[in-house]
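J.: Okay, here's the structure, questions in a sec.
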Amino acid sequence: MAFPTETVYGLGANALDEEAARKTYAAKGRPSDNPLIVHIAEYEDLKQIAVDIPASAKVLAGRFWPGPLTMVFKKDAKVPYGTTGGLDTVAVRMPSDLVARELILASGGFVSAPSANTSGRPSPTRAEHVEEDLSGKIDMILDGGSVEIGLESTVLDMTVDPPVILRPGAVTVGMLEKVIGMVGIDETVLGAENGKVPKAPGMKYRHYAPNAKLTIVEGNIREEVLAIRQLVYDAVNHGKKAGIIATGETLHYYSNGVIKVVGSREDERTIAKNLFAVLREFDGEGVDEIYSESFAMRGIGNAIMNRLDKAAGHLRLPAAEIVRRQKYRRIVFVSQSDTCRGPMAAAILRQKRFRQEYVIDSRGMVVLFPEPVNPKAEAVMRSNGMTLGGYTSIPFSETEIADDILVLTMDEAQKHKVFAEYEEAVSIYTLNEFVGEDEPLLNPYGMPLNIYGLCYENISMLMDKLTKKLNSYTEGEG
Ligand code: TXA
Ligand code: MG
């Protein structure tokens, strides 16, 4: 039967019965060389199933048992090879969850329990997850609600000196070292493809994987957000549905895609707790690709990144590379009053297809208070199937000056004015200059409607050229 523990739900059976182990593997669809953890409820019981127990084990048990720490020892003959996947060692843990403890005591003291998921899927952190995977294949699920930690226990190999972490968990290397001094970390725990076989047999399989292709995007948090936005934009442009694993702190930077908050960067335990549930949820969303932010490799962050890395099949992308391709992220059209040519250019450009996402705006150099757009400009836009809506003019300000903002002015006059007023101004061009047209843009102010029509044609041609130029920055990439 499945039961809750403080880490994840386990699939419990009699650890001293070979046949029980066989049934456990069958229900999970798990390769039988992957050993099970034996769960106990009393420290004294350890001596019945393990031999050569080093003194440090008692110290660690005193500090971390009951709790999310599994220790590996030489096994006693009593433990069948079925339970240990053919190994001469046995992994032992004493869970703190009270339901788990009662179950172990009621069933004789030795309960083998792998995570109660189908092999390869994210571990279950709620009874519903167990039901999804194992319904019909097991006899019972004890529903204890949501688990407390959400990632499986730390596995520590006590058969070597110093002990070595085979699987990172909520009991971190720092916490262990405080108690027993130096502790090693198995090289394969965080390294991707270095050709080494992990010592914990279960760590070599692709794990925790959602149906969609998952990619971890790595960089500083600003780069990660920008890169994920770009990747999702690309996915959507290619007719795909993309998901984002975001945090409370970054949520509001995303707009496209299926966005899920995994937790808060302020308290990474929240991320550990929700990670598997979020990976499962994506399966119900029918997304083709998932992009995840990455997390600092300290404390429980090691365990989070270890699980995420496995779920992604080690697929990681450097955010900086993607961000570097984006010369500009925002385009601002600047006219005198922001009531005619600027808003027209912005509206026309927004209809174009780009290889990256641009924020497109217009601003005026002389705007004392918000003014509605010129009615002739609106009339021309409408005859071309567009509208400037209820737009009202906005003054140019220093928020429009930045390395990644392209400022395009309608005439030379505004360009000079921007340069004169803002010392730091860099990417400022007249529209025709930027796209390589000799003729300056027509100014229809005070002219009859047909001249506004000509101006529309003029802007339209310039926007075609501008689109080509912007798209050329990312040509041949992505
Ligand atoms: O938090 C947990 O540990 C959960 C709950 C249910 O207690 N259990 C769990 O079990 O995660 P499982 O079977 O999904 O993962 C056990 C891990 C695997 O990576 C396995 O290879 C490793 O522990 N392991 C078990 N016995 C081992 C041994 N004798 N030597 C080395 N690694 C071992
Ligand atoms: Mg497991």
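The values are calculated or read from the model by the stated rules, or taken from the named source; none is laboratory data. Just so it is clear, the structure is predicted and the values come from calculations on it, not from any experiment. With ideal geometry, Cβ positions are generated from the backbone for all residues, glycine too; neighbour counts draw on all protein chains shown. Keep in mind that these areas ignore ligands, DNA and RNA; they rest on the heavy atoms of the full protein, side chains included. Shrake-Rupley method; radii C 1.70, N 1.55, O 1.52, S 1.80 Å.
J.: Quote to one decimal, in nm, the extra length available between GLU19 and HIS416 on full extension: 0.36 nm per residue of separation minus the C-alpha distance between them.
T.: Net length gain for the segment: 134.5 nm.
J.: Order the peptides 72-82, 107-117, 12-22 from the highest to the lowest mean number of other Cβ atoms within 10 Å of their residues.
T.: 107-117, 12-22, 72-82
J.: Quick check: the angle from helix 341-350's long axis to the longest principal axis of the chain, C-alpha only, nearest 10 degrees?
T.: 40 degrees
J.: Further question on the same structure: What number, rounded to the nearest 500 deg cm²/dmol, is the helix-based mean residue ellipticity at 222 nm of the chain, given -39500 (n - 2.57) per DSSP H run of at least four residues and division by all its residues? Don't skip to the answer; put the middle values down first.
T.: Values: 16 runs with 164 residues, N = 478.
About -10000 deg cm²/dmol.
J.: Cα centroids of segment 313-351 and segment 419-444: how far apart, whole angstrom?
T.: Cα centroid to Cα centroid, the span is 17 Å.
J.: Gain in length, SER460 to ASP76, computed as 0.36 nm per residue apart minus the alpha-carbon separation, to one decimal in nm?
T.: Contour length minus Cα-Cα distance gives 130.1 nm.
J.: May I ask you to compute the full-extension gain from LYS352 to HIS238, defined as 0.36 nm times their residue separation minus their alpha-carbon distance, rounded to one decimal in nm?
T.: Gain on stretching LYS352 to HIS238: 39.5 nm.
J.: Just name one of PHE3, VAL366, SER472: the one whose Cα is farthest towards the positive end of the charge dipole of the chain (beta-carbon charges, Lys/Arg +1, Asp/Glu -1).
T.: Going by the Cα projections, it comes out as PHE3.
J.: Turning to a different aspect of this structure: Hey, any idea what % of the chain's accessible area is carbon plus sulfur with a 1.4 Å probe?
T.: About 52 percent, which is the carbon plus sulfur part of the accessible surface.
J.: Using the heavy atoms of the protein chains alone and a 1.4 angstrom probe, what is the accessible area of the chain per residue in square angstrom?
T.: Result: 44 Å² of accessible area for each residue.
J.: For the chain, what is the largest minus smallest coordinate of the Cα atoms on each principal axis, given in angstrom and ordered from greatest to least?
T.: Sorted largest first, the three principal extents are 98, 46, 39 Å.
J.: If you don't mind, another one. Whole-Hz Karplus ³J(HN,Hα) for segment 102-117, in order, using 6.51 cos²θ - 1.76 cosθ + 1.60 and θ = phi - 60°, x for Gly and Pro?
T.: 4, 4, 4, 4, 5, 9, x, x, 10, 10, 7, 8, x, 4, 8, 10
J.: Still on this structure: If we restrict to alpha carbons, what Rg and Dmax does segment 330-472 come to, in Å?
T.: So, for segment 330-472, Rg and Dmax equal 14.1, 41 Å respectively.
J.: Among LYS240/LYS469; LYS23/LYS260; LYS240/LYS352; LYS78/LYS273; LYS47/LYS137, which pairs are too far apart, with a Cα-Cα distance over 31 Å?
T.: As for pairs spanning more than 31 Å Cα to Cα, those are LYS23/LYS260; LYS78/LYS273; LYS47/LYS137.
J.: Compute, for segment 290-385, the length of the dipole vector about the Cα centre, with Cβ point charges of +1 (Lys, Arg) and -1 (Asp, Glu) only. Units Debye, rounded to 20.
T.: About 380 debye.
J.: Around GLU218, which amide H atoms from residues at least 5 apart in sequence, or from another chain, sit under 5 Å from its own amide H, with H modelled in the peptide plane?
T.: Here the answer is LEU317, ALA319, since their amide H atoms fall under 5 Å of that of GLU218.
J.: Then there is this: Where does each of 377-389, 86-98, 356-368 land if you order them by average Cβ count within 10 Å, highest first?
T.: Most protected by this proxy first, the peptides run 86-98, 356-368, 377-389.
J.: A further question on this structure: Label points 7 Å out from Cα along the Cβ direction at VAL366 and SER383: separation in nm?
T.: Between VAL366 and SER383, the simple spin-label model gives 2.8 nm.
J.: To continue, here is another question. Could you rank the peptides 331-339, 312-320, 409-417 by their average count of other C-beta atoms within 10 Å per residue, with the highest value first?
T.: Peptide ranking by packing, descending: 331-339, 409-417, 312-320.
J.: Considering amide H positions built from the backbone, and no H for Pro or chain starts, which residues 5 or more places from ILE259, or on another chain, come under 5 Å of its amide H?
T.: Here ILE244 satisfy the definition.
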